[in-house]
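Enquirer: Sharing a structure, written as structure tokens. Questions coming.
The values are calculated or read from the model by the stated rules, or taken from the named source; none is laboratory data. Computed from a prediction, not measured in an experiment: that's the story for all the values here. No Cβ is skipped: glycine too gets one built from the backbone with ideal geometry, and neighbour counts run over all protein chains shown. All accessible areas refer to the heavy atoms of the entire protein, side chains included, with ligands and DNA or RNA removed. Shrake-Rupley method; radii C 1.70, N 1.55, O 1.52, S 1.80 Å.
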Amino acid sequence: MAKEIQEYITYLSPEFIYVPFDSVDKLQLSKNKLVNHNTLLGERDNGKKIFSPVSGKVIGAKEMIYKSGKCKSLVIENDFIDKKEKLNPTRNLSKTKKSDIVESLKKYGLDNKINSKTTLVVNSLYDKNYDLKDMVINYECYEEILEAIDEFMSAFGMKNCYICVDRNDLYSIEAYNKYINAFLNICMVHSNKKFKDSTCVFYSVEEILAIHKAISLDYMYDNTILTINNGKPTIVKVKLYTSLVELLEALKIPYKAKKIYIDNNIVDNPSDFIIDSSVRSVIVKDN
């Protein structure tokens with residue numbers, strides 16, 4: 001099915017990336033410190049596994065700032081090859097066992113508490129000036145999202161899925177309307193207020209796309225999309241764990257002697273700030 005591409009800028013080859021970790025004891029690095037794309041680097045204190053979104057070499061550790069706060073980080077020098085240890089064949093999702101799906105979700109930290117919940121709610125956010133992440137994902141990847149939802153629901157015996165799309169997000173609505181009628185138990189709504197934690201499991205559209213990559217290819221979802229507004233919105237697809245300042249300098253966006261806000265919160269030390277999937281909006285303003 002032919003699809004137009006919503007225009008955005010890509011920055012997928014940063015010079016360095018900064019992967020957060022908690023304890024050196026829980027890292028699993030080779031003696032030569034070389035890493036491949038999707039290499040398991042260890043795990044966080046909460047048990048979530050850590051993977052490298054690039055290939056290259058670990059050259060040290062440094063405390064950096066993320067949206068969630070300060071954290072120790074592995075500094076990986078990118079070799080710009082994205083070398084993989086092996087090329088995983090694409091799985092046929094319709095023939096994938098539930099146990100394999102569960103294993104993949106757990107491996108990549110996507111195993112939200114499902115238990116006996118019967119309704120899947122997929123949230124899509126939208127702000128035409130400051131947050132266009134989900135619009136781009138929906139517009140480009142609606143087929144993958146709907147197919148991943150369908151297999152997810154089938155594996156866990158869920159009855160219904162509601163994709164919550166802002167009624168002003170016309171690109172997303174148009175995209176889903178091309179294919180959603182092929183799925184009887186998936187529908188689109190414009191509010192998530194009626195859904196309760198006791199009966200629903202919640203994911204974002206980006207998490208669903210990450211689920212698709214995890215269960216179909218056994219790879220991490222290694223990039224994210226954010227909106228930078230310095231007077232006008234610019235959509236950027238960026239590699240996970242890229243330095244904010246490296247990105248701004250690559251895009252030639254002036255930031256020195258200006259205020260920078262991440263999701264409406266001011267950043268006091270932008271030179272140490274690292275982009276992860278939780279970042280949606282970067283605003284650069286004059287003082």
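Enquirer: Classify the stretch 134-287 as rounded, prolate or oblate from the Cα gyration tensor: take a ≥ b ≥ c as the square roots of its eigenvalues, call it rounded if a/c is under 1.5, otherwise prolate when a/b beats b/c and oblate if not.
Expert: Numbers: a/c = 2.29, a/b = 1.97, b/c = 1.16.
Prolate is the answer for the stretch 134-287, as a/c is 1.5 or above and a/b outweighs b/c.
Enquirer: Taking the DSSP beta bridges in the chain as the whole, what percent of them are antiparallel, to the nearest 5?
Expert: Details: 40 of 63 bridges.
Looking only at bridges with both residues in the chain, the antiparallel portion is about 65 percent.
Enquirer: Further, regarding this structure: Given a 1.4 Å probe and every protein chain left where it sits, what share in percent of the accessible area of the stretch 87-174 is carbon and sulfur?
Expert: Values: 1990 of 4420 Å².
It is 45 percent, rounded to a whole number.
Enquirer: To continue, here is another question. Excluding ligands, DNA and RNA, what is the solvent-accessible area per residue of the stretch 23-122 at a probe of 1.4 Å, expressed in Å²? Write down the numbers at each step before the final one.
Expert: Details: 6190 Å² over 100 residues.
Roughly 62 Å² per residue, with all protein chains present.
Enquirer: Ok, one more. If the chain between Thr96 and Asp25 were fully stretched, how many nm would it gain, using 0.36 nm times the residue separation less the Cα-Cα distance?
Expert: Details: separation 71, 0.36 × 71 = 25.56 nm, distance 3.47 nm.
Contour length minus the Cα-Cα distance gives 22.1 nm.
Enquirer: Rounded, prolate or oblate: pick one for the chain, where a ≥ b ≥ c are the square roots of the eigenvalues of its C-alpha gyration tensor, a/c under 1.5 means rounded, and failing that, prolate if a/b is larger than b/c, else oblate. Provide the component values of the computation, followed by the final result.
Expert: Numbers: a/c = 1.77, a/b = 1.20, b/c = 1.47.
Judged from the Cα gyration tensor, the chain comes out oblate (a/c at least 1.5, b/c at or above a/b).
Enquirer: Going by a ≥ b ≥ c, the root eigenvalues of the Cα gyration tensor, does the stretch 224-287 fall in the rounded group (a/c under 1.5), the prolate group (a/b larger than b/c) or the oblate group? Could the numbers behind the result be given before it?
Expert: Working: a/c = 1.37, a/b = 1.27, b/c = 1.08.
Cα axes put the stretch 224-287 in the rounded bin.
Enquirer: Stretch Lys33-Asn192 to full length: gain in nm at 0.36 nm per residue minus the Cα-Cα span?
Expert: On the way: separation 159, 0.36 × 159 = 57.24 nm, distance 4.54 nm.
Fully extending the segment from Lys33 to Asn192 adds 52.7 nm.
Enquirer: Ranked from highest to lowest mean number of other Cβ atoms within 10 Å per residue, what is the order of the peptides 208-214, 186-192? Numbers along the way, then the final one.
Expert: Working: 208-214: 22.0, 186-192: 14.6.
Packing order, densest peptide first, comes out as 208-214, 186-192.
Enquirer: To continue, here is another question. Counting helices only, and only those DSSP H runs with n ≥ 4, report the 222 nm mean residue ellipticity of the chain as the sum of -39,500 (n - 2.57) divided by its residues, in deg cm²/dmol to the nearest 500. Can you show the working numbers first?
Expert: Working: 5 runs with 62 residues, N = 287.
Counting only the DSSP helices, I get -7000 deg cm²/dmol.
Enquirer: A further question follows. Let me check against my output: what whole-number percent is the relative contact order of the stretch 1-94, with C-alpha pairs under 8 Å and at least 6 apart? Write down the numbers at each step before the final one.
Expert: Values: 159 pairs, mean separation 27.2, N = 94.
Relative contact order comes out at 29 percent.
Enquirer: Give me the 1.4 Å probe accessible area per residue for the stretch 144-287, excluding ligands and nucleic acids, in Å². Could you put the intermediate results ahead of the total?
Expert: Numbers: 6460 Å² over 144 residues.
I get 45 Å² per residue for the stretch 144-287.
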